[in-house]
1. Collect the residues in the range B:236-253 that are open to solvent by less than 30 Å² (accessible area, probe 1.4 Å) and within 18 Å of B:Leu205 (Cβ to Cβ), keeping them in residue-number order.
2. For B:Ile291, state whether it is surrounded by fewer than 24 Cβ atoms within 10 Å (Cβ to Cβ), hydrophobic (A, V, I, L, M, F, W, C) and in a helix (DSSP H, G or I).
3. Would you mind telling me which numbered condition in (1) touching a residue at least 60 places away in the same chain (Cβ under 8 Å); (2) part of a loop (DSSP other than H, G, I, E, B) B:Phe76 fails?
4. Any idea which of B:Leu13, B:Leu26 is touching a residue at least 60 places away in the same chain (Cβ under 8 Å), open to solvent by 30 Å² or more (accessible area, probe 1.4 Å) and assigned to a helix (DSSP H, G or I)?
5. Hey, could you check the range B:254-263 for residues that are within 11 Å of chain A (Cβ to nearest Cβ) and closer than 13 Å to B:Phe29 by Cβ and say which is surrounded by the fewest Cβ atoms within 10 Å (Cβ to Cβ)?
6. List pairs: first residue in the range B:298-314 and within 11 Å of another protein chain (Cβ to nearest Cβ), second residue small (Gly, Ala, Ser) and open to solvent by 30 Å² or more (accessible area, probe 1.4 Å) anywhere in the structure, Cβ distance under 8 angstrom, at least six positions apart or on different chains.
Amino acid sequence: MKLVTAVIKPFKVDDVKTALEGIGVHGLTISEVQGYGRQKGHTEVYRGAEYKVDFVPKIKIEVVVDDEAVDELVTAITTSAQTGKIGDGKVWVVPVDAVVRVRTGERGSDAL
Amino acid sequence: MDELSSGDTAWVLVSAALVLFMTPGLAFFYGGMVRAKNVLGMLMQNFFCMGMITLVWSVVGFSVAFGEGNGFWGGFDFFALQDLTASDGAIPYVAFVAFQMMFAVITPALITGSTADRMKFSSFAIFVTLWSVLVYSPIAHWVWASSGWLFKRGALDFAGGTVVHANAGIAAIVLAIFLGKRRGWPTGDFRPHNVPFVLLGTGILWVGWFGFNAGSALGANKVAAIALLNTQIGAATAILGWIAIERLRDGKATTLGAASGAVAGLVAITPACGFVSPMGSIAIGLLAGAICALATSVKGKVGIDDSLDVGAVHLVGGVLGALLTGFFATLDTNEAGKDGVFYGGPWSVVGEQALAVGATLGYSAVVTALLALALKYTLGLKVSDEDEEIGLDEALHGETAYRLTSIGGSGFTSAVTAAKVPEEAKA
């Protein structure tokens, strides 16, 4: 099993969710996060005082899937979250040792 | 004695209510500009003024301001608001007392903008109480009471450019100097936590200001109408003046700038609104918006942490409005006024305005400094570094403004519940 984490533009969340439903992924966790990549942040001005805001709001999506579903999942996220402009985000994959469904105690793939 | 006019009375009573509404408006105007951890501290200081100054004004403040007394001090003729009915005219004198009370409430509240984020609540409470009696009431007496020395000299201050705004503005700067800077100012992140609050507060202030200015005619008459019209024009054009400066200086016109400009215009038109023509209001508004916007960059250069620009908006706006009244006043608008320099009046009209402003600034600065010093070496003015870091809401008031998550909090404990259980019952 693998944990696929994607950091994407907030307004792309619905597109990604629809894409994941389309390939049969039926669970995900999202969180509001902030950070920056190459594009850095923006500047805000209040009564002439400038504040450099480095951190840009993003959405982090986390999905755990079986190994064989990883490629399709990464492709689905990448294509649905893409705008082609700077700041589209990143996707990365890490191995998962164990998954347990809290309600039933099922483990491994059965718990997904 | 004039016969009582129900129309005049109704307008002054409505105006009193409108002016009171300005203080919560101000609370939101300022509250939006502070960081989220200090918003309740700001609202509290303003609401405290509504509580305490109402009491102070009822007992002694009105008497000091509007008692006969001498040129400098009204005395105690109206102590505890006695013997009011003898002064009844077209409006019952109590209506005037109530109307003026709301001015007394908002004036010290204006000061809270410069001391934001760091002043001890206890020291603030004592400061505004004493300041109201020792600074606000005497200056109101000088300028507005028939026996006041500046009134007798013919100083023009229709609704409080000198008494309210220049007075509170200079006190705000002096208190900010004695209080010291906020931790991390000016390099840290002091962005406003809620700009929509600032605009909401501005809207409330603006509406309330019609009572402040047009109510100061003390009757439902032509002068009230022109004061209302001039108030609208002055505030509106000041928005344009402020955002024009922003566009040129910073590249973008901001909503915070539009709100600040509106308030600066309202401040500057206040002393003038009952004396100038609508075209004079256009000029005063544009100048006030532009000059107050430019003035915001001064505090950083001189190193005074006037947190929310009370100096740039109220001090500069109030002084500017008072001086410009000497140029733009016209007898066509108000027969009880004067012709300013631009209408063939002598330069002495401006001179008297400058004298009134100068005397107000000097007296207010000195007494404010004495009060600040006395508090600094007794109770202390500033909260501890730790409390400042935590934020005034939690550190001073035991509350937080926003709970955007259910994370945290460990259940219900109540001192009251615990106190109710007798020792024997526990055993």
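1. The answer is B:Thr237, B:Ala238, B:Gly241, B:Trp242.
2. Considered against the rule, which asks whether it is surrounded by fewer than 24 Cβ atoms within 10 Å (Cβ to Cβ), hydrophobic (A, V, I, L, M, F, W, C) and in a helix (DSSP H, G or I), B:Ile291 comes out as yes.
3. Exception for B:Phe76: condition (1).
4. Criteria check complete, one pass: B:Leu13.
5. B:Thr255
6. Going by the 8 Å Cβ cut-off, the qualifying pairs are B:Gly300/A:Ala49.
Matching residues to (1) within 17 Å of the chain's Cα centre (by Cα); (2) of a type in the set (D, E, K, R):
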site: B:Ala290; (1), (2): no, no
site: B:Thr296; (1), (2): no, no
site: B:Lys301; (1), (2): no, yes
site: B:Ile304; (1), (2): no, no
site: B:Ala312; (1), (2): yes, no
site: B:Gly317; (1), (2): yes, no
site: B:Phe328; (1), (2): no, no
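Conditions tested, residue by residue: (1) at pLDDT below 95; (2) under 30 Å from B:Ala295 (Cα atoms).
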site	(1), (2)
A:Leu3	no, no
A:His26	yes, no
A:Tyr51	yes, yes
A:Glu62	no, no
A:Leu73	no, no
A:Ile77	no, no
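The values are calculated or read from the model by the stated rules, or taken from the named source; none is laboratory data. No experiment lies behind these values; they were computed from the predicted model shown. Reconstructed Cβ throughout: ideal geometry from the backbone, glycine too, with neighbour counts over all protein chains shown. With ligands, DNA and RNA removed, areas are computed over all heavy atoms of the protein, side chains included. Shrake-Rupley method; radii C 1.70, N 1.55, O 1.52, S 1.80 Å.
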